[in-house]
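Worksheet: one structure, shown below.
Each reported figure results from applying straightforward, stated rules to the coordinates on display, with no laboratory input. It should be emphasised that the depicted structure is a prediction, and the values quoted were computed from it without experimental measurement. FYI the Cβ positions are ideal-geometry reconstructions off the backbone, even for glycines, and counts take in every protein chain you see.
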Amino acid sequence: MGEKRAYKPRKPGGGRKKLKPEYDAGKNLIEQMDAAVALYDSEMSLQAIGEELGLNPIKVRKLLITAGVYESEVVEKVQDTFAEYRETQDYKTSILSTAKALNLSKASATSYLPYKKGVYFPSTAEKEKISVGAERQRRYRAMKRWRADPTEENFWGVVLAYAGMRFKTYSGLPFSYEIKKGRNGEYTKELWIDRREKSKSLAWSSVLLALGNIKGEVVVDRPKALGDIRGVTYIYGMFYRFGLINVPDEVKEKMK
């Protein structure tokens, strides 16, 4: 019998080398998702997007679901049912239970859920966690909801969706706004304008007052036309970007 080979401790980070060290599944998923969202945002069908990206339409739909931009009654039903089972069951069992409850195949139920290994971007996800295309789609959907049902709650959804975006005042000065959360985790009804070194607050009541003063004019000549309201200079820039008002041509040049 030969001598027993002495044990040689493995170096940290050792082991079988990756066949494709440059491959990053998460990164590839996000790249595919961004591409699908961009095409979906241009109102292409799932079939057309699939042909463009070399993917089948079901995978395209799953990418859009993962990005949080695809909605339907079936998607909502499957995800709500899955979420209920997931509270007491593991992932695989929850899928089987969902499929059985909704009379779907396992593959069909899975196709309406976001990618498990990917990053799921629900409508409540922080903007930093979603793709550019998903963020753009979120703004579009928020505005669409408000135009279909112009309630205060839906308009608040528009303002939330545009938080952090770049705006310009009547004179062309850039600014943005953020909305902070209170101790209870809910957003406060106050916009914090960030234009220079210091931030200043803009009350939600002021925004609503200006909104009520839009009389359907084709062009709103100046901020004061929306009312003698504190912070109306910023509201004017916001409303123009929202597409709620139009401005004189010479002002458009400054607000581009």
Say the cut-off is 24 Å between C-alpha atoms; which of Lys189/Lys252; Lys77/Lys181; Lys59/Lys92; Lys180/Lys256; Lys168/Lys215; Lys144/Lys200 go over it?
Lys189/Lys252; Lys77/Lys181; Lys180/Lys256; Lys144/Lys200
For a quick check: with amide H placed at 1.01 Å from N, whose amide H comes under 5 Å from Tyr177's, ignoring anything fewer than 5 positions away on the same chain?
Gly164, Met165, Asp194
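Placing +1 at every Lys and Arg Cβ and -1 at every Asp and Glu Cβ, with all other atoms neutral, what dipole size does the stretch 132-182 have around its Cα centre, in debye to the nearest 20? Working shown, then result.
Details: 11 positive and 5 negative charges, 46 e Å.
Roughly 220 debye, rounded to the nearest 20.
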Counting each pair of different Cα atoms once, what's the Kirkwood radius of the stretch 40-86 in Å, rounded to one decimal?
11.5
